[in-house]
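The values are calculated or read from the model by the stated rules, or taken from the named source; none is laboratory data. Note that the structure is predicted; figures quoted are calculated from it, not measured. Glycine also receives a Cβ, built like all others from the backbone with ideal geometry; neighbour counts cover every protein chain displayed.
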Amino acid sequence: MAGLRRRFAGYLVYALVANSIWPAIAGELGFPFDRELLLEAAPLPGSKRVPILEVAENGAASIELWCARVQAQATVGGDTITIVPIKGDRAQCAPEQQNIDENLLAALMLVTNWRRSGDVVELSGTTTLRFRLLTN
């Protein structure tokens with residue numbers, strides 16, 4: 001009888017530990033809503049700015065490109081994602097910087113899937129864009 005009690009206590013401790021760890025594991029694997037995602041890219045010459053993407057749970061997305069800011073609507077489900085720009089803020093930038101913004105925005109509009117590995121989120125479509133969670 002004492003062995004049965006010890007075994008039951010062991011299972012109970014195991015279940016409690018598993019339940020306390022599961023939210024952390026699930027949070028690590030889920031899409032990082034309401035977090036800033038920094039594009040893995042070097043800043044443009046003469047600038048410190050790097051594009052940032054943030055997606056809220058309601059789908060509202062904010063995209064800080066190299067020069068401009070864009071509001072968008074994102075739909076995230078399972079491992080799929082779509083991003084549709086709604087309105088943008090044109091900044092005074094050199095034509096080549098505007099072209100880089102347009103290319104990045106076009107790539108974001110063509111993403112179809114996402115994958116998370118720790119602090120890295122990859123958005124894939126015709127190209128793969130790697131973002132890193134800001135941890136500050």
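Okay, here's what the table says:
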| item | result |
| --- | --- |
| Residues satisfying the stated conditions in region 53-66, i.e. of a type in the set (A, V, I, L, M) and without any contact (Cβ under 8 Å) to a residue 60 or more places away in the chain | VAL55, ALA56, ALA60, ALA61, ILE63, LEU65 |
| Identity of the residue in region 84-119, within 15 Å of the chain's Cα centre (by Cα) and touching a residue at least 40 places away in the same chain (Cβ under 8 Å), that ends up nearest to LEU39 (Cα to Cα) | LEU108 |
| Region 120-129: number of residues that are touching a residue at least 12 places away in the same chain (Cβ under 8 Å) and surrounded by fewer than 16 Cβ atoms within 10 Å (Cβ to Cβ) | 3 |
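Yes/no per residue for (1) out of contact with any Phe, Trp or Tyr (no Cβ under 8 Å at 6 or more places or on another chain); (2) at pLDDT 95 or above; (3) crowded, with 18+ Cβ neighbours inside 10 Å:
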position: ALA42; (1), (2), (3): yes, no, no
position: PRO45; (1), (2), (3): yes, no, no
position: PRO51; (1), (2), (3): no, yes, yes
position: VAL55; (1), (2), (3): no, yes, yes
position: ALA61; (1), (2), (3): yes, yes, yes
position: GLN73; (1), (2), (3): yes, yes, no
position: ILE86; (1), (2), (3): yes, no, no
position: ASP89; (1), (2), (3): yes, no, no
position: GLN97; (1), (2), (3): no, no, yes
